[in-house]
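Below is one structure, written out as structure tokens; comments come after it.
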Amino acid sequence: MYFTQVCLWTTLLAVVLTWAIFHVSNRRKKTTKLVDTADQERTDGGPDVIIVGAGVGGSALAYALAKDGRRVHVIERDMSEPVRMMGEFMQPGGRLMLAKLGLQDCLEEIDAQKATSLALYKDGEKAVIPFPVEDTNFPYEPTGRSFHNGRFVQRLRQKASSLPNVKLEEGTVKSLVEENGVIKGVTYKSSSGEETTLLAPLIVVCDGCFSNLRRSLNDNDAEVMSYQVGYVSKNCQLDEPGYLHLVMAKPSFTMVYQISSTDVRCSLEIFPGKIPSIANGEMTNFLRNTMAPQVPQKLRKIFLKGIDEGAQIKVMPLKRMSATLSNKKGVIVLGDAFNMRHPAIASGMMVLLSDILILRRLLQPLEYLGDVNKVSEVIKSFYVIRKPMSATVNTLGNAFSQVLIASTDEAKEAMRQSCYDYLSGGGYGSSGLMALLGGMNPRPLSVIYHLFVVTLSATGQLLYPFPSPLRIWHSLRLFGLSLKMLVPHLKTEGVGQMFSPASAAAYRKSYMSTTVL
């Protein structure tokens, strides 16, 4: 009897111990699943990085990371050649970044046009301001390039897909795969309609200004400032194809520039609530009767040519959105899904390529991307190091776009005239400002200096020939306008990060250390 009880208790104890060991083992597997999944992906030949979007940013980043030995899987909604009117100009600074990434040949064989100067028009006057050649430390040819955006994107895709460790796939990403605050992969529908879940240690969201993934990563919203109206006049060439022609028209600006040897882009800015209808012909009448008379005679024929020939007119919202880091790990957002500014200075692609260059350098020492904590530290460093370039462009783009808006306000119009005089006056003022516009001098402090000088000059115009009480009042309002252009950006970008010597030194290391390939 005693022996039987001992056997029963021993058997029961063995069952309990077996259950406990099995339960603990299962829990251990669950707690290590985040790491094990990534390890398994690496062992099974899965990607190191998944990139959502194969535009300029996604394609360039895929090439850069693949050159460093990473396995990259890029998912793009539509692999056909994009047709858009944004991203058609590469500043000299952007060309330098492109060369440092080994992608400078992507501007070849697409009929890109060399741009050497800005031609500025106001009230019948014209000023030609070249990119500075001397008195600069810029280590590359100081010229820009204008082109069809779609052709450039296709060349970047071809370049990226030429590497064996890059896979470009057409598909629509539906959602991100998240476990305990870590983004582990994506769920997407392939071009054949099959829904697939793909995992990788690092996910990069680079799907543009209309990103459908941004809201799941942070809570910043894009603000629509105005709208850009554009079309292409075909089978024509400007008398000065190497100039970006910017007309300080009313209510805002008009731009005319060569994007191929036979095509000219015509675009202008209009504001919410004042958008003529394209469908009923109001837009055509607005362009022909309101805007065309303000375009200089030598450009007007080409401006009207596209309208008369029924060119497709497009309207795009111009958005502004400050950059914020996601609190999710294992993911980074780039491009217009991350940070947007007014396109008046045509520098969005330059900032994006700068970001890619910085991110690539920071990731290079990491042999394995599955350590989410180390990758998170890299992403935080990236956010700070990018500030000299991004803060310079964001602040300058905001200030320049506001100055271009015509107004009956005497203080605002004085600032507008002062900006024209400053750029057209030659010397350090025009060359320094063009260096900023071209990404050749990414220093936020320089933006403040030039804004201060333009403001002082406008104040002098307001007070001339004698400082009456009304003129003094307008001068005070003018300083208020300048502060409104500047202070919100100082707050958004962070004063410490914008002007930190450490940030500037770290950026110069990324900007200058990588040799042109």
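Going by the conditions given, is residue 381 modelled with pLDDT under 95, in the same structural domain as residue 457 (by the TED database) and open to solvent by 10 Å² or more (accessible area, probe 1.4 Å)? Before you say what the answer is, go through the steps one by one.
Numbers: modelled with pLDDT under 95: yes; in the same structural domain as residue 457 (by the TED database): no; open to solvent by 10 Å² or more (accessible area, probe 1.4 Å): yes.
Here the answer is no, as residue 381 does not meet what is asked.
Whenever a residue of region 80-105 is closer than 14 Å to residue 355 by Cα, its partners that are open to solvent by less than 10 Å² (accessible area, probe 1.4 Å) and not in a helix (DSSP H, G or I), lying with C-beta atoms within less than 6 angstrom and at least six residues away or across chains, give the pairs 93/438; 93/439.
Any idea how many residues of region 175-225 are of a type in the set (Ser, Thr, Tyr) and either assigned to a strand (DSSP E or B) or crowded, with 23+ Cβ neighbours inside 10 Å (or both)?
6
Would you mention how many residues in region 274-324 are part of a helix (DSSP H, G or I) and within 21 Å of residue 248 (Cα to Cα)? Break it down stepwise before answering.
From region 274-324, those part of a helix (DSSP H, G or I) are 282-294, 297-308; that's our starting set.
Among the residues that remain, those that are also within 21 Å of residue 248 (Cα to Cα) are: 283-294, 297-307.
So the answer is 23.
For region 233-243, a residue qualifies if it is surrounded by fewer than 21 Cβ atoms within 10 Å (Cβ to Cβ) and touching a Gly at 6+ places or on another chain (Cβ under 8 Å), and exactly one does: 234.
For region 328-432, which helices (runs of 4 or more DSSP H) that fit wholly inside it have 1 or more residues that are closer than 21 Å to residue 217 by Cβ? Before the answer, list the steps.
Details: elements: 348-363, 372-385, 387-403, 410-424.
Fully inside region 328-432 and qualifying: 348-363, 372-385, 387-403.
The set of residues from region 318-346 being among the small types (Gly, Ala, Ser), within 19 Å of residue 268 (Cβ to Cβ) and open to solvent by less than 30 Å² (accessible area, probe 1.4 Å) comprises just one member, 344. Scanning region 248-277 for residues that are loosely packed, with under 15 Cβ neighbours inside 10 Å and on the phi < 0 side of the Ramachandran plot returns 250, 261, 262, 271, 272, 274, 277.
Quick one: count up the residues across region 477-495 that are aliphatic (A, V, I, L, M), in contact with a helix residue (DSSP H, G or I) (Cβ under 9 Å, 6 or more places away or on another chain) and loosely packed, with under 15 Cβ neighbours inside 10 Å.
Initial filter on region 477-495 (aliphatic (A, V, I, L, M)): 478, 481, 483, 485-487, 490, 495.
Subsequent filtering for residues that are in contact with a helix residue (DSSP H, G or I) (Cβ under 9 Å, 6 or more places away or on another chain) retains 478, 481, 485-486, 490.
Restricting the remaining residues to those that are loosely packed, with under 15 Cβ neighbours inside 10 Å gives none.
Number satisfying all stated conditions: 0.
Filtering region 339-357 to residues that are at negative phi and modelled with pLDDT under 95 leaves 339, 340, 341, 342, 343, 344, 345, 347, 348.
Each residue in region 136-152 was checked for being surrounded by fewer than 19 Cβ atoms within 10 Å (Cβ to Cβ) and small (Gly, Ala, Ser), and 1 pass.
Checked against the criteria, residue 156 does not count as closer than 29 Å to residue 68 by Cα, open to solvent by 20 Å² or more (accessible area, probe 1.4 Å) and outside any strand (DSSP E or B).
Among the residues in region 439-458, are any among the polar types (S, T, N, Q), in contact (Cβ under 8 Å) with a residue 24 or more places away in the chain, farther than 25 Å from residue 250 by Cα and not in a helix (DSSP H, G or I)?
At the first step, the residues of region 439-458 found to be among the polar types (S, T, N, Q) are 441, 446, 455, 457.
Those left that are additionally in contact (Cβ under 8 Å) with a residue 24 or more places away in the chain: 441, 446, 455, 457.
In the following step, the residues that additionally are farther than 25 Å from residue 250 by Cα were identified as 441, 446.
Next cut, not in a helix (DSSP H, G or I) only: 441.
Yes, that holds for at least one residue.
The values are calculated or read from the model by the stated rules, or taken from the named source; none is laboratory data. For clarity, every value in this text was computed on a predicted model and none was experimentally measured. Cβ sites come from the backbone with ideal geometry, for glycine too, and all protein chains shown count toward neighbours. Ligands, DNA and RNA are excluded from the accessible area calculation, which covers all protein heavy atoms including side chains. Shrake-Rupley method; radii C 1.70, N 1.55, O 1.52, S 1.80 Å.
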